[in-house]
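Readers should treat all values here as calculations from the given coordinates under stated rules, not as data from a laboratory. In this text the structure is predicted, and so the values were computed from the model without any measurement. With ideal geometry, Cβ positions are generated from the backbone for all residues, glycine too; neighbour counts draw on all protein chains shown.
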Amino acid sequence: MVIPAFIWLIWLPLLGAPLVYLVGRLLSGWLARWTALLLLLAAWLPFAATWQAFARHETVAYSLGQVTLQVDGVSLLITAVILTLTPLIVLYSAHTLDGADGSEKYNAMLLAMGGSMIGLSCATDLFNLWLWFEATAVTSYLLVVFYHQQPASLEAGVKYLVQSVVGSVLVLFGVALVLAQSGTLSLTALRQQATPSPLLLAACALFAVGFGVKIALVPLHTWLPDAHAQAPSGISALLSGIVIETGLVALLRAMAALTAVTHTWGLLLLMLGAVNMLVGNLLALPQTQVKRLLAFSSISHIGYMLTGLGIAVTSGEVLGAQGGFFHLLTHGLMKGLAFLAAGALLYGLHTAVNDHTPLTIAELSGSGWRYPLVAVALTLALLGLGGIPPLAGFMSKWQILLAGMGSQQPVLMGFVAFAALNSVLSLAYYAPMVQMVFRREMSAVVQNGRSLPLTMNLPILLLALAIVTIGLWPGLVTRLTQGAGTALLSVIGNQ
Amino acid sequence: MTQTTVLLLGAVGVLGVGLYGLLRLRNLIQIIVALQILAKAAVLALVVAGKASGHVNLGQSLAVTVIVADTVIAVVGLALAVQVRRRLGTLDVKALATLRG
Amino acid sequence: MDALQKLMFNFFPLLFLFPLAGLLLNVANGRFWHKPIAGIIASSAAGLSFVVAILQWVALLRQPDGTVIILGTWLQVGTLNVPFAFQVDTLSVTMMLVVTGIGTLIHLYAIGYMYGDPGVTRFFVYLNLFLVAMLLLVSAANYPLLFVGWEGVGLCSYLLIGFWFDRGEGGTGNANAGRKAFVVNRVGDLGLILAMGLLFWQLGTLTFDDVFAQATAVFPVGSPLIVAITLLLLLGAAGKSAQIPLFIWLPDAMAGPTPVSALIHAATMVTAGIYLIARSHVLFALAPVSQTAVSLIGASTALLAATIATAQFDIKRVLAYSTISQLGFMVAAIGMGAYVAGIFHLITHAFFKALLFLAAGSVIHGLEHGGHSDPVTLQDMGQMGGLRQRMPITFAVYLVGALALAGIPPLAGFFSKDEILAAAWQANRAVYIMLTLAAFATAFYMGRQVWLVFMGEARSETAVSAHESPPIMTIPLLILAALAIVGGGLNLPGVHTLGHWLGHTLGHGELLSFNATVALTATLLALLAVGLAYWLYGRHPLGAAATDPLTQRLGPLFVLFNQGWWVNEMVEWGIKRPFCHLSTVLAHSDEAIFAWAERQLVHTVQRGTAVLRRTQTGQLNWNVAGIIVGLLLIWLLLRFS
Amino acid sequence: MALAVGLMTTAVFCGLQAMRAKRLLTAALWLAAVSASVAIALYQLGAPDVAVVELSVGAGLVTILFVFAITIAGDEAMDAPPIMPKWASWLLVLLAVGVVGSAIQATPTSSAAAAEASFTAVFWQERGLDILIQIGLIFAGVLGVLNLLTEEDTPTPSPKDKVP
């Protein structure tokens, strides 16, 4: 059997992980880092090949035994975001890890996490999906507590671990219920033969809750602000930018297979989305720590994605799915950038001078004059997150809004109006941060701040450019988001 | 009521015990015990489900995978608990509530 | 389109590129060169942009139907195609000329005004950024692009109001003012977003030409949907243009540096709402209800704000309320379909209100260099007086501005205001009466201000030591004063230059004939008001410790012996007291009501936040409980929906 | 049938004991008992292979791990009162169990054992991909634990002084 190129998208990072570890162990951490970087960049080659095959409308699939991995639009989108963010984060973390113990473990786990997330996005078997999900989760726990000397990291790690494990056991219970009822685990087969029954309905609820813990659906979100704020900044970027989104993909895959069981899951997504937006925004409002504020804002951004996807599921509006996935992509880049920039400031202002307390918003005062590049990038990211045109975040929210309006259903229009209101008010916490950055007076910590290494500035610059470019030419990524949107609609069927 | 139903209900019961433990316990290692109990429930449920649908061997192989995965989780959790004990001097999760609001 | 015209249109992108280049230069190099250079670069950028706008104007003179310039694709999703398209027609070019022209003068003035401020580079960066956004707003050829500019100017306004974030009440007053402006504006923006959503839903396009072409076919006159769309647009306009009930942010916005007040909060940004309604006039024509709503809101804003302005003591607050009131005139005009009159007043108002603000800035600047720096004292008219001799140029130009605003012929304000009043006379008597009363109050408070600030004797040491501002500030003032004098010539009755010009975009047919009765009434009322002001403030210059006679009854003996007591009593009880009381009461009640509403809103949000924060206990056990509650909720939702 | 009920009752009982245990070591031993009763149930069900794995790994290896961890971390006395009120915990647990349990009432019984490949074939071939991922999972776990247990020269708080 010919092994299709996309398998290398998964194997390259997964097999690369032990390699990187060994290189780091036996030779040097520096070499290990460059190996990791090289592997991740090399993964773009199979990506290009897969993209081409996909564009030719070939079925890109690979079976081992009875388990099949298959690429569709959603997997391509997720893979693109992973392959963009992960190498940048390897580069970004280089300086903070230099000389620290275990940099090779960090990079190896980063690779493993990337590989398992790509695998997750390709899974077509319910149990296989869970297993990839579990692999992603285990690597992410360990990355959250990478700085295990700090009590706060441990605290966040413990909460993350316990809540995630509860969620994953619930998913597993759902898998068991599905197996008991239908005797198959293949998502395609399930889609064809699932019929409404209390057992499958309970399974739906278990999937929603189990994956919902990872996505941080309110009220399952309590771990997120701790984990995302306490993790090393590069990991925070990855967690907020992509890990919670892969949870969303897993949820969509599982629920889409059971569409026949419950026609109301689109409404469920919309309602959860509305609650997430509101609660995320309200909780972000009083925050005084930069990273914690960003973490809470992730909760509300998941809400926008859910709104777009919910519109697609309820009304069959492809624009909604496209908008939801577009927001997934832009949020990945913007939140990634925001965390990287905040992390760079945290490094320059605190960590580099051996202060391990969190960075507060007040301490940002005047940092714009000391770190112009980082400050401008942070501003772009924050304003983009707040939906100020013409940045990327506005474009994706705008598509969701249009989808809701275009559906011509009053309920959906109500939901998008609520989303617009939330977006409008979210600036109440983004804007003061921007203003603080460009204040004239430098805070004491800014005056003592250390300069930032090139390896930190470069990823920030690249991501900032990407956001501005996507904002000005959203057409660049339309093919990705369109593919993902069509993929979702084709599996739930146009009702 | 058939044997499979009884066992499946039993699995739900064990799940409930685990959840109860997570709500009530304060000792981190004991919380990991509760997580293990949850995992037992899932293992049992998978095999019973396989049996009920006539794919007992499929259920078995999934269950083996789950046992392995949950052992990894137990190891990670225990290592974390040991670290917590070393850094904070206690296993009480109440001490792990500095991040809030 | 002939070759020359085409060539001039080719220059169009430079309109944005100059200010963009200016701000990038300043951002990149601001740290390295001397402060005044930042101002010079920013001003040149604005000036060059003005030249480009003139080129567009010349091009349109040859063939006035206008064109759409497409610079590339921007958004292409599903059926929606939004290009980077710019509308160059008589309306947008008029706005461009106002924005860049006044903008350039204010940039120049700001070089002097901001001299020595440590944040001067940042100031000019924001100012250039504002120009880019404002030009985008007025030249966009579709709603999303307009919205980009709309948000951009809002952001700049926020940044500039809070420019001196460390000043103001309790050290955070200015920052709070910025936030207030931002939030109120965003409420308006929500209206605009939803209006765009509804338009796209019904028409499947957001390009101006297509929307207007299809709207007449799709919407029957007065259909609920078009009424909803136009009312949402009105909400957007009310936010930006400070109309009832969203005007509360503008007076507080005066916390920003004075050039900002002149440029953003008087001459350009606040007129964006008027531009939006004028641009969407086809939609409003389909919804007579909304038109009536627009004109009533405009007229009541005009009257309310004018009464409040009579009872203010801060020199800039008087002008701020006056701006709200004049914006009300414009809104009322376009609500009645008198688009040309509205835009005409927009232009003349830009001249004389920018002039007044800058002159007020010159006063503040003059006092500041007298050695005092407390902004509250500096702007208190009670502490001024007698500046006529010490700041002669400022006094002269201020007088011109005040007379123009008061509507004294033949200054600019007379012609434009008269046209609005004439339109109101024909369209709606209630609106006419409100606007006439507002015009009367306008003349009165301007008279009061001139006397309090410039006439009489200095009432404080600060005022004694004041001196004239440098030429870099006074020259823009003189130019603006000249414009405020001759500005009325743009649209003389019977000639209608502006009417014909804008007619190419807004539709011909609305050329109001000169209404002698209205004009005479307005002029007489204005003179009467000025006379009243003189009678109160001019005949007996206030002493250093004297209070404003408006707040306190005049000494009864003095009144009794000089005027005959019954006349005085009649004036006192019949006109003056009620008038003053009304204005103070309005000023207070209005602030009280809005403050109450604001407090309630803030309180609710805070309470909600506090409750939510308590759920984030940080206790692992409670977190697991959250998961179980989530399971139950989701199951219920799936089971019973 | 009766055996199944008995085994399940035992499992739930042992689980509750593990939750109530005042010493960590006792809790770990009760956990092993749960594991054992589950393993017997699995065997009864006709799944001997997984029963063996559950006994050796679940009851054996995991218990050893717990004993190790408890030895390192110390067997703290647990007399602190729980944070959640008892009634609330019971209510939530019963509701959750009720939701899932009520769905199970109607378990299908298509136990007409389909012709199925042997356990070995299913495990090693049909689900081969799962095994590969498991290896990745184990690798990640090992790496992480190695990192977590790296000794630093930061002072370790003595067992007596607790964080205030």
Problem - chain C, relative contact order [Cα under 8 Å, separation at least 6], % - result: 12 percent
Practice task
Could you calculate, for the protein assembly as shown, the ratio of the Cα radius of gyration to the Kirkwood radius, expressed as Rg to Rh?
Solution key: 1.04
Practice task
Just order C:64-71, A:111-118 by mean Cβ neighbour count inside 10 Å, highest at the front, would you?
Solution key: A:111-118, C:64-71
Problem - Calculated Rg and Dmax of segment D:1-77 using C-alpha coordinates, Å - result: 13.5, 43
Handout entry: Above-threshold pairs, the threshold being 20 Å between Cα atoms, out of A:397/C:180; B:94/D:86; A:105/A:159
Key = A:397/C:180; A:105/A:159
Exercise for the section: Filter the DSSP H helices in chain C by two things, a Kyte-Doolittle mean of at least 1.6 and an axial alpha-carbon span of 27 angstrom or more, and list the hits by number. Expected result: C:120-139, C:620-639
Problem - Neighbour-count ranking [beta-carbon atoms within 10 angstrom, fewest first] of C:109, A:160 - result: A:160, C:109
Completion exercise
Mean per-residue count of partner chain Cβ within 10 Å for A:18-26 equals 1
Completion exercise
Mean-square fluctuation maximum in Gaussian network of chain B, Cα pairs under 10 Å, restricted to B:75, B:47, B:66, hits B:75
Exercise for the section: Please report the base-10 log of the normalised intensity I(q)/I(0) for segment D:1-142, using a Debye sum with one equal scatterer per alpha carbon and no solvent, at each q in 0.14 (1/Å). Expected result: -1.02
Exercise for the section: At 27 Å minimum axial length over the Cα atoms and a Kyte-Doolittle cut of 1.6, report the qualifying DSSP H helices in chain B, or say none. Expected result: B:28-52
Fill in the blank from the handout: Quick note on C:84, C:351, A:415, ordering by fewest other C-beta atoms within 10 Å, gives C:84, A:415, C:351
Practice task
Could you please rank A:132, A:30, placing first whichever residue has the fewest other Cβ atoms within 10 Å of its Cβ?
Solution key: A:30, A:132
Exercise for the section: Quote the FRET efficiency, to the nearest 0.05, computed for residue C:610 versus residue D:95 with a Förster distance R0 of 22 Å and r equal to the Cβ-Cβ distance. Expected result: 0.20
Practice task
Sort the following peptides by mean Cβ neighbour count (other Cβ atoms within 10 Å, averaged over residues), highest first: A:230-242, A:451-463, A:279-291.
Solution key: A:230-242, A:279-291, A:451-463
Handout entry: Bins of 10 Å from zero: percent of alpha-carbon pairs in chain A
Key = 4, 21, 33, 27, 12, 3, 0
Problem - As computed over segment A:263-495, the Cα convex hull volume per residue (Å³) - result: 111 Å³
Completion exercise
Taking Cα pairs closer than 8 Å and at least 6 residues apart, the relative contact order of chain A in percent is 16 percent
Completion exercise
Dividing the alpha-carbon radius of gyration of chain C by 2.2 N^0.38 Å, where N counts its residues, gives 1.00
Exercise for the section: With N denoting the number of residues in segment B:3-96, provide Rg(C-alpha) divided by 2.2 N^0.38 Å, to two decimal places. Expected result: 1.28
Practice task
Would you mind getting me the FRET efficiency between residue C:517 and residue C:68? Use the beta-carbon distance for r and R0 = 35 Å, nearest 0.05.
Solution key: 0.20
Handout entry: Inter-chain Cβ neighbour average for residues A:129-142, partner chain, 10 Å
Key = 6
Problem - Other protein chain Cβ atoms within 10 Å, averaged over every residue that makes up A:276-283 - result: 3
Exercise for the section: Just grab the label-to-label distance for residue C:79 and residue D:44, each label 7 Å out from Cα along the Cβ direction, in nm (one decimal). Expected result: 6.3 nm
Completion exercise
Site residue A:191, offset 7 angstrom along Cα→Cβ, radius 19 Å on amide nitrogen, limited to segment A:98-138, gives A:119-130
